[in-house]
1. Quickly run through the stretch 155-191 and pick out the residues that are of a type in the set (Gly, Ala, Ser) and outside any helix (DSSP H, G or I).
2. Return a yes/no flag: does the stretch 208-219 have any residue that is open to solvent by less than 30 Å² (accessible area, probe 1.4 Å), of a type in the set (A, V, I, L, M, F, W, C) and not in a loop (DSSP other than H, G, I, E, B).
3. Got at least one residue in the stretch 49-62 being under 19 Å from the mean Cα position of the chain (by Cα), part of a loop (DSSP other than H, G, I, E, B) and within 16 Å of the ligand (Cβ to nearest atom)?
4. Out of the residues in the stretch 155-204 that are of a type in the set (Val, Ile, Thr) and open to solvent by 20 Å² or more (accessible area, probe 1.4 Å), state the one that is farthest from Leu76 (Cα to Cα).
5. Do we have any residue at all in the stretch 227-234 that's at pLDDT 95 or above and over 18 Å from Ala316 (Cα atoms)?
6. Please list, ordered by first then second residue, the pairs with beta carbon atoms under 9 Å, 6 or more apart or interchain, first in the stretch 238-254 and free of Cβ contacts under 8 Å to residues at least 24 places away in the same chain, second part of a helix (DSSP H, G or I).
7. Based on this model, can you work out whether Arg134 counts as crowded, with 23+ Cβ neighbours inside 10 Å and either touching a residue at least 40 places away in the same chain (Cβ under 8 Å) or within 18 Å of the chain's Cα centre (by Cα) (or both)?
8. Looking only at the stretch 102-131, filter to residues that are assigned to a helix (DSSP H, G or I) and more than 21 Å from the chain's Cα centre (by Cα); which one of those is surrounded by the fewest Cβ atoms within 10 Å (Cβ to Cβ)?
Amino acid sequence: MARTQIIGTGSYAPEKVLTNADLEKIVDTTDEWITARTGIRKRRVAAPGEATSDMAVQAARRALEMAGVQPEELGLIVVGTVTPDMPMPSCAAVVQAKLGAKNAFAFDVSAACSGSLYALNVADQFIRTGQVKRALVIGAEMLSRAVNWEDRNTCVLFGDAAGAMVLAPTEDAERGLLSTHLYTDGSFADILCIPGGGTSKPTCEAVLKEKLHTLHMNGREVFKFAVRALADSTHTALKSNGLHVRDVDHVISHQANIRILEAVLQRLELPVEKCWLNLHEYGNTSSASLPMTLDEANRAGRLKQGDVVAMMAIGAGMTWGSAVMRW
Ligand code: ACO
């Protein structure tokens, strides 16, 4: 069976920059607090009128251009997002139309910040079985529209962006996606959630008044969970491929918080230098973060053919996972 290879990457972030100093004017916070606790210095915020699919399309076009693939050649589009343009239809359907990818079937995957890793795993199945020859995987998130801008615990953390990957089969035994390991523990749903606006608490005046339609988080619990889960899943992913941490050339991770990443890398006994970092520039861009980071490392020429790349992500659910590939 053929393996899946990533043949193009792309990313996009809106123009508007929101610095920590800007946030000092909105909530009771300081640049020092945000930088020391999270490593984040800036984030991007979408313009009024800009929707998640617009960011997704920009990232997709860049990835398709790198891959030399026309939109009509795509057989599948999977978008990892929890902030679609609207509840129905999917963001992926909107993206399909905007790209003119008329031969692709398209759907969203809802796994919060793990969304693009989940989407990659889903698309990988279609490529390996031969059902699809070219797939587009996108992580696109506009959490600026989902956070409570009066809550300093959360609004300082997130930014808007999109990242994309074009997948194709390869017969090269030395390259491609080796495996993906995904996990979910729904019993931790309440430590990171948007409780209102769905069927359990439909949007109504009370929901809006209590801001239940915005993101709620128990930061300390998320932190503890993330460190343990990411280190464990990456160990499992490497071991299942007969690899050791010393074989890892690059870590491409969801960028939530520098302290989470440092703690995970310390547990894995991996030097921070192996991990591509951009959270200081963009904040936590949720499902966009993994493909965006991959795109930056790729365009910087850091990834050499055959390099071992360990990918990891964690998000609300809780959902998490790790993948290993040879570039
Ligand atoms: N500015 C100033 N003070 C703040 C801010 C802020 N932006 N936010 C919280 N504080 C205050 C709190 O109110 C608290 O004050 P108190 O002691 O008077 O009650 C104090 O800072 C300490 O709060 P803690 O929660 O103990 O701070 P902690 O060191 O845990 O850092 C943080 C908080 C950064 C949220 C941390 O818990 C964290 O990184 N958690 C992971 C959360 C995360 O990354 N979520 C992203 C989504 S999930 C994902 O992507 C995996």
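The values are calculated or read from the model by the stated rules, or taken from the named source; none is laboratory data. Only a predicted model underlies this, so the values are computations on that prediction, with no experimental measurement involved. So basically every Cβ, Gly included, is an ideal-geometry build from the backbone, and we count neighbours across all protein chains shown. The protein model used for the area step is the full one, side chains on, heavy atoms only, and it has no ligands, DNA or RNA in it. Shrake-Rupley method; radii C 1.70, N 1.55, O 1.52, S 1.80 Å.
1. Residues of the stretch 155-191 that are of a type in the set (Gly, Ala, Ser), as a first pass: 159, 161-164, 168, 173, 176, 179, 186-187, 189.
Within the stretch 155-191, Gly159, Ala161, Ala162, Gly163, Ala164, Ala168, Ala173, Gly176, Ser179 qualify.
2. For the stretch 208-219, residues open to solvent by less than 30 Å² (accessible area, probe 1.4 Å), of a type in the set (A, V, I, L, M, F, W, C) and not in a loop (DSSP other than H, G, I, E, B): absent.
3. No: the stretch 49-62 contains no residue that is under 19 Å from the mean Cα position of the chain (by Cα), part of a loop (DSSP other than H, G, I, E, B) and within 16 Å of the ligand (Cβ to nearest atom).
4. In the first step, residues of the stretch 155-204 are kept if they are of a type in the set (Val, Ile, Thr); the result is 156, 166, 170, 180, 184, 191, 194, 199, 203.
Pick out the ones that are also open to solvent by 20 Å² or more (accessible area, probe 1.4 Å) and you get 180, 184, 194, 199, 203.
Details: Thr180: 19, Thr184: 24, Ile194: 29, Thr199: 29, Thr203: 33 Å.
My answer is Thr203.
5. Pass one, the stretch 227-234, residues at pLDDT 95 or above: 227-234.
From the residues that got through so far, the ones that are over 18 Å from Ala316 (Cα atoms) too are 234.
Yes; the residues of the stretch 227-234 include at least one that is at pLDDT 95 or above and over 18 Å from Ala316 (Cα atoms).
6. His244/Leu238
7. Numbers: crowded, with 23+ Cβ neighbours inside 10 Å: yes; either touching a residue at least 40 places away in the same chain (Cβ under 8 Å) or within 18 Å of the chain's Cα centre (by Cα) (or both): yes.
Answer is yes for this residue.
8. Within the stretch 102-131, the first condition is being assigned to a helix (DSSP H, G or I), and the residues that meet it are 112-129.
Still in the list and also more than 21 Å from the chain's Cα centre (by Cα): 128-129.
On the way: Arg128: 17, Thr129: 11.
Among those that are assigned to a helix (DSSP H, G or I) and more than 21 Å from the chain's Cα centre (by Cα), it is Thr129.
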